[in-house]
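*Asks:* Mind looking over this structure? Questions follow.
The values are calculated or read from the model by the stated rules, or taken from the named source; none is laboratory data. The structure presented is a predicted model; accordingly, all values stated were derived computationally and were not measured. For neighbour counting, all protein chains shown are included, and Cβ atoms are generated from backbone atoms with ideal geometry for every residue, glycine included.
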Amino acid sequence: MATKTYCAYAMECLMTHLTESRTRLKFASVSDLWDLYHHRIDLSAPLEAPTPSELYIWYSHPASHAVRIVDGLKETNPLDRAIQTAAISSYACLPSLFVKRNSNIYPRIDPIICTRDELQGLQVNMVLLHNFQPPTKDPMAWELGRHGIRISLDHPTLRDGKRAYKAYTPSDIRERGFPDKPTVIASLMSLILDNIRSVDLEEEWDQYNADLVTFEGESVGLSYRIWAAWKEWAIRQPESRINGAYEEVQEDSAEED
């Protein structure tokens, strides 16, 4: 599952991109320094993702709604490269979080021109989905509170065997307060079918040849404020000054969508 260590590296990648820095702390360095900062020993987050897995990163701020990257990444190894790509491409999907203004702090942040105070509310969020199970025709073959679900079906507007699908992560289901599994399934089918009416689950599950895939993965977030406090501490540590603690930023990292 995703960890705050991964979020710290995502924020490291984003701020490096926004400030046009040519170097940043390596993924392994962030992991080690994050653990030291929290007085943990040998508890580092895994530096490789489970296979198969999917990574989603999005940003949120009190002044705006959270915006998720649309497709996410299905190629999550090497994990550091996946986080780099998703962190920057997710930022590119953001609307303006703040009122545009002149700033001599981070002049390249556009359309998000931030003052230091405004950055305090920025948060990076991510979820690493894993443990995908084969499709099943049973809409109840999952555990509420543990699994996320992805439903695919034959959409009336699609041709040539194409199917429509949408998913709820475990966090999505919990945040929406669904009381039971039938309510979750009906809500997701209604979204796929672009319906504002309720779905007759017994009839329409078979009618649209629906199937279900279960997966696991909890979302986690980290604020810029917490990351900045850690980074200020980290750059003063001897571990951040050793040879190999930093990596050069590749040009294509800042340009990928």
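*Asks:* Among 159, 225, which is the only one that is exposed (fewer than 14 other Cβ atoms within 10 Å of the Cβ), basic (Lys, Arg) and more than 30 Å from residue 34 (Cβ to Cβ)?
*Replies:* After ruling out the rest, the residue left standing is 159.
*Asks:* If you don't mind, there's one more thing I want to ask. Do we find a residue being among the polar types (S, T, N, Q) and at pLDDT 95 or above anywhere in the stretch 116-123?
*Replies:* no
*Asks:* Kindly list the number of the only condition in (1) in a loop (DSSP other than H, G, I, E, B); (2) in contact with a helix residue (DSSP H, G or I) (Cβ under 7 Å, 6 or more places away or on another chain); (3) not hydrophobic (A, V, I, L, M, F, W, C) that fails for residue 239.
*Replies:* Residue 239 satisfies every listed condition except (1).
*Asks:* Of the residues 180, 172, only one is among the acidic types (Asp, Glu) and more than 24 Å from the chain's Cα centre (by Cα); which?
*Replies:* 180
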